[in-house]
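Reviewing the structure listed below.
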Amino acid sequence: MKEWMGKIRTLSLFSLMVLLLSACGKENLTTFIPKGYGAEESLKVITISTIVMAVVFIVVMVIFIYVVWKFRQKKGEENVIPKQVEGNKTLEIVWTVIPILLLIIIAVPTILVTYDLADQSEIDDSITINVTGKQFWWHFEYANEEIQTSQDLYIPVGEKVYLKMLSSDVVHSFWVPALSGKMDVNPDNENTMYIQAHEEGVYWGKCAEFCGDSHSLMDFKIIAVSKEEYAQWVEDLQNVNKDVQPETTTAQEGQAIFEQSCIGCHAIDNTPSAGPNLSNFGDRTTIAGVLEHNEEELVEWIMDPNSKKPGNGMLGAPYLQNKGEITQDDAEKIAEYLMQLKPSEITPNSAQ
Ligand code: HEC
Ligand SMILES: [Cu+2]
């Protein structure tokens, strides 16, 4: 094969990749379509820095190409040395002052935004949520409201919601690109940030710090609903009653098995638990943050969580070690039961 054909092949592959990748990024999962205060301010800083960098790059490149061309070695002038400019005071001052000015243009907004986003003056008057990052899921405790949830975090639109974050194992990072920047979630020292959504909607969150096998599957959602809906949701969740009998007999049987094999790790009321809180599992947007929310997937998850999310904490489940203790049939019954756990009328759909 001729050499140029190989080059053309690489080039076309590369262009195809650029084209494909440029379509990556979902709405509600991108910094470039900010839907909240933190993301908006961050985008301003990103834009200013990018413009400054682009201008510097272009100016330097233009001068560089011009100089290389102008002072190239010409025929018959091999020994000509052009006029030397070292020690030229004006030039020295110009290229010292310009970078200083550019740095000031970047530094001032960056520092202002950094301090603004770290502001905690209203922390005790606003909604404050204790966030716990765990391999590979997120737990949310509404301290004042005395509610516990996992994976899907409900917030009222427009309001500042403070997050106090800790990890129960390794370092994670809480990131909802459309709403705000990243924040490290550490095992020992609590980090705090606030989020504020301008519009109702479901925003995608990601763990942004490599934390183990299923790091890339450690997804979660922020669900911003109207203030009235939020108040209603809080009330509904506060009134969760774990003793309510499900409607169908299959689900009742599922409940009985659940209470034997699963309740050790999963709460279905507002008590703390080692695994995700499932009191509103029927309203979840996903199973375990990444699977489609339907009974089929749920049965597969219960039978073999490791195949869906390698290394996750449900592996420690005693029934998984005594294989066969939970049969396919049992899992189907449990799935029907769990899907019926819908204590609130307010669901992610009301946020669309
Ligand atoms: C040893 C503790 C443990 C036991 C026992 C256990 N689980 Fe889990 N479960 C977990 C952990 C930890 C996760 C989170 C996994 C992840 O996403 O990383 C989880 C996740 C789940 C999820 C997804 C939750 C969500 O918010 O999307 C469901 C559903 C679930 N478990 C159902 C069950 C059922 C049903 C049983 C009993 C048959 C059970 N679990 C037994 C620890 C346990
Ligand atoms: Cu993580």
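Of the helices (runs of 4 or more DSSP H) entirely within region 241-352, those holding at least 2 residues that are away from ligand 1 (no atom under 13 Å from the Cβ) and in contact with a helix residue (DSSP H, G or I) (Cβ under 8 Å, 6 or more places away or on another chain) occupy 249-261.
Note on region 200-246: residues that are in contact with a strand residue (DSSP E or B) (Cβ under 7 Å, 6 or more places away or on another chain) and of a type in the set (Asp, Glu) amount to 3. Comparison of GLY181, GLY158 shows that the only residue that is at positive phi, in contact with a helix residue (DSSP H, G or I) (Cβ under 9 Å, 6 or more places away or on another chain) and either surrounded by fewer than 23 Cβ atoms within 10 Å (Cβ to Cβ) or among the aromatic types (Phe, Trp, Tyr) (or both) is GLY158. Would you check if there is a residue in region 270-277 being among the hydroxyl-bearing types (Ser, Thr, Tyr), closer than 19 Å to GLN135 by Cα and touching a residue at least 60 places away in the same chain (Cβ under 8 Å)? The answer is yes, given that some residue of region 270-277 is among the hydroxyl-bearing types (Ser, Thr, Tyr), closer than 19 Å to GLN135 by Cα and touching a residue at least 60 places away in the same chain (Cβ under 8 Å). Of GLN232, GLN238, GLN196, all but one fail to be open to solvent by 30 Å² or more (accessible area, probe 1.4 Å), closer than 24 Å to GLN120 by Cα and either among the acidic types (Asp, Glu) or away from ligand 1 (no atom under 16 Å from the Cβ) (or both); the exception is GLN196.
Based on what the data block shows, is ASP213 in a loop (DSSP other than H, G, I, E, B) and either open to solvent by less than 20 Å² (accessible area, probe 1.4 Å) or touching a residue at least 40 places away in the same chain (Cβ under 8 Å) (or both)? Judged against the criteria, ASP213 is a match. In this structure, LYS164 does satisfy being charged (D, E, K, R), under 19 Å from the mean Cα position of the chain (by Cα) and either closer than 23 Å to ARG284 by Cα or surrounded by fewer than 15 Cβ atoms within 10 Å (Cβ to Cβ) (or both).
Among the residues of region 27-73, the ones that are open to solvent by 60 Å² or more (accessible area, probe 1.4 Å) and not in a helix (DSSP H, G or I) come to 6 in all. With respect to the conditions (1) over 30 Å from GLU199 (Cβ atoms); (2) loosely packed, with under 11 Cβ neighbours inside 10 Å; (3) not basic (Lys, Arg), LEU20 lacks only one, and its number is (1). Exactly one residue among MET165, MET193 is assigned to a strand (DSSP E or B), within 14 Å of ligand 2 (Cβ to nearest atom) and not hydroxyl-bearing (Ser, Thr, Tyr), and that residue is MET165. Screening region 168-178 for residues that are open to solvent by less than 10 Å² (accessible area, probe 1.4 Å) and small (Gly, Ala, Ser) and picking the one that is nearest to ligand 2 (Cβ to nearest atom) gives SER173. When GLU292, GLU297 are screened for being acidic (Asp, Glu), open to solvent by less than 60 Å² (accessible area, probe 1.4 Å) and modelled with pLDDT of 95 or more, only GLU297 passes.
Going through (1) outside the structural domain of LEU315 (by TED's automatic domain parsing); (2) over 23 Å from ALA335 (Cβ atoms) one by one, PRO272 falls short only on (1).
Of all residues in region 310-332, none that is closer than 25 Å to LYS134 by Cα and open to solvent by 80 Å² or more (accessible area, probe 1.4 Å) has its Cβ atom under 6 Å from the Cβ atom of a residue that is more than 16 Å from ligand 2 (Cβ to nearest atom) and not in a helix (DSSP H, G or I), 6 or more apart or on another chain.
Return yes or no: is ILE106 modelled with pLDDT of 95 or more and open to solvent by 50 Å² or more (accessible area, probe 1.4 Å)? No, not satisfied. Selection over region 207-241 of residues that are farther than 16 Å from SER279 by Cβ and over 11 Å from the mean Cα position of the chain (by Cα) gives a count of 14.
The values are calculated or read from the model by the stated rules, or taken from the named source; none is laboratory data. This is a predicted model, so every value here is computed, not measured. Cβ coordinates were reconstructed from backbone atoms using ideal geometry, including for glycine residues, and neighbour counts include every protein chain displayed. All accessible areas refer to the heavy atoms of the entire protein, side chains included, with ligands and DNA or RNA removed. Shrake-Rupley method; radii C 1.70, N 1.55, O 1.52, S 1.80 Å.
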